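The values are calculated or read from the model by the stated rules, or taken from the named source; none is laboratory data. All values derive from a computational prediction rather than experimental measurement. Using ideal geometry, Cβ is built from the backbone for each residue, glycine included, and neighbour counts are taken over all protein chains shown.
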Amino acid sequence: MANKQKPDAQNKAGLSDNIRRGKGMRLSVGSDVAGANEATSPGVRLDQPARRGKGMRLSVNAESAVEASTPANMQSVPDEPRSDGSALRSSTLQQIDLPQGKIAYRQAGSGPALLLIHGWGVSSRVWLGTLEHFSDVRCCYALDMPGFGASPPLHDTPSIGAMADVVLAFADALGLDQFDLSGLSLGAVIATHLAAQHPERVRSLMLTAFGVRHMATERLPAWLNQRSLNYTVGLWRPWINLWQPWTKLVMQSPPFVQTVSAWLLSHAPSDADQWREIVAEMASADPRTYLSYVDSTSDPAVVEKLRDVRALTLLLAGRGDRFTPSAEVTTAQSHLPNSQLVTIDACGHFPMLEQPDAYHEALRAFLLS
C-alpha cells in the first residue's frame, strides 16, 4: 500500500463540521454552487439536502497527490480509432493483471484517486469527458469491468460481489489506500457494494442513474427471474457465443442504434461519434456477462448494502431517464443514511454524455465541498 499523508486534525474537523451543518456541500440551480460566485448550468436541481449521519466525512485536501505508478504487470492496449479517423480524447487504454484476470483501464490527471465504474453493456469510454474534466483535481481511473470493453470476462459466475472484488483488487494493485468512487447504473450497484463492505477505503460515493424498486414484493420476483436467467445462460453459453457475430451485426445497424438512443437518451449526446462507439461496444460485450446483469438492482441484498454505506453520497439522475425512473432513485436515497440527490433536466440515462456541463458541475461541487 502507498503511504498517505495524514490530514491536519483541525482542517479535518472543520470540514466535517461544515458538511454536518449543510455548509460544505451545496448543489443548486441558482447562482451559488459550493460557495462559488459562478452561475450553474441550467437544468441542475437540488431535490433534497444531505441528511445528517455518522458516516465518514468528505475531505478534499487531506491527501497528497497520487503519483502516476507503473506496476510491473501493467501493459498498454491499443484503442480503436474514431469513425472519422480522429484521435480519442483520453489516454490510451492500459491493462493490468489482477488475481481475477486482466483488466483494462484509462488513467488521467493527478491528485487524490477517483475510480469510475461504467454501467451495463458499456465501458470506460463513457467517462472520457469526466476524465478530462477532473484531471486538474483528481487522478482518475476508469475501468473496463470484466466482460465489457477490453477486459475479458470472469471465469467464475458473474456477481455483484465478484465485480466489487475486482475494483478493490485494482485499487490494491495500484496502492490506493482510499479513493472517491463513482458508478453509473450497474457500476453504481458495484460501487455501493464496495462502499458498504469496505467503508474505510471509500472517501465519498457518487451514484448516477441508480435506483431500486420501492416494494420488496417487486424486487423478489425480479431477482428470482434473474437467478433463473443466469442459470440458463450458463448452460447455453457456448451456443450464445456462436450467435454473437450475428447479434453484433444487428446491434450496429442504424435502426437498432436509433431504438437504443430513443430508449436511453432524453437529449442528443454532445458527441455523436462517441455515442455510436458506445452502442457498438454494447454489441461486443461478453454475452453471459451481459445477460447476468440485466436486472442487477432487483437483488434484495442491494437494499441491505445501501443501509450499510457510511460514506457521504451523491445521487445524480436524469429527469427523463426511462431506464431508471425517478421513483426508484428516491427509493434508493431513502435507504442511504447520508445522501443528497441532484436531478438534471432534459436528460436520460447518460447525463455525462447528454448534459456534460451540468453533470460535471454537480460532481465537482460535491467533490470539492
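Quick look at the values:
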{"item": "Cβ pairs under 8 Å, 6+ apart, first in segment 263-285 and under 17 Å from Asp321 (Cβ atoms), second at pLDDT 85 or above and of a type in the set (Phe, Trp, Tyr)", "result": "Trp263/Phe323; Leu264/Phe323; Leu264/Phe350; Leu265/Trp275; Leu265/Phe350; Pro269/Trp275; Pro269/Phe350"}
{"item": "Filter result for Val342 (part of a strand (DSSP E or B), among the β-branched types (Val, Ile, Thr), closer than 28 Å to Ser261 by Cβ and in contact with a helix residue (DSSP H, G or I) (Cβ under 7 Å, 6 or more places away or on another chain))", "result": "yes"}
{"item": "Segments classed as helices (runs of 4 or more DSSP H), wholly inside segment 156-273, with at least 3 members that are closer than 22 Å to Met352 by Cα and modelled with pLDDT of 95 or more", "result": "186-197"}
{"item": "Residue among Leu176, Leu131, Leu194, Leu143 that alone is touching a Lys or Arg at 6+ places or on another chain (Cβ under 7 Å) and surrounded by 17 or more Cβ atoms within 10 Å (Cβ to Cβ)", "result": "Leu131"}
{"item": "Whichever residue in segment 305-339 is part of a strand (DSSP E or B) and polar (S, T, N, Q) and, among such residues, is surrounded by the most Cβ atoms within 10 Å (Cβ to Cβ)", "result": "Thr313"}
{"item": "Qualifying residue in segment 159-168 (condition: touching a Phe, Trp or Tyr at 6+ places or on another chain (Cβ under 8 Å), among the β-branched types (Val, Ile, Thr), buried (at least 23 other Cβ atoms within 10 Å of the Cβ) and within 22 Å of Thr313 (Cα to Cα))", "result": "no"}
{"item": "Residues that are modelled with pLDDT of 75 or more, of a type in the set (Gly, Ala, Ser) and either within 21 Å of Gly211 (Cβ to Cβ) or over 19 Å from the mean Cα position of the chain (by Cα) (or both), drawn from segment 280-301", "result": "Ala280, Ala283, Ser284, Ser292, Ala301"}
{"item": "Residue pairs meeting the criteria (Cβ under 6 Å; at least 6 apart or on separate chains; first over 17 Å from Leu363 (Cα atoms), in segment 330-346; second in a helix (DSSP H, G or I))", "result": "His335/Val303; His335/Leu306; His335/Arg307; Leu336/Leu306"}
{"item": "Condition check for Val137: of a type in the set (Val, Ile, Thr), crowded, with 23+ Cβ neighbours inside 10 Å and in contact (Cβ under 8 Å) with a residue 40 or more places away in the chain", "result": "no"}
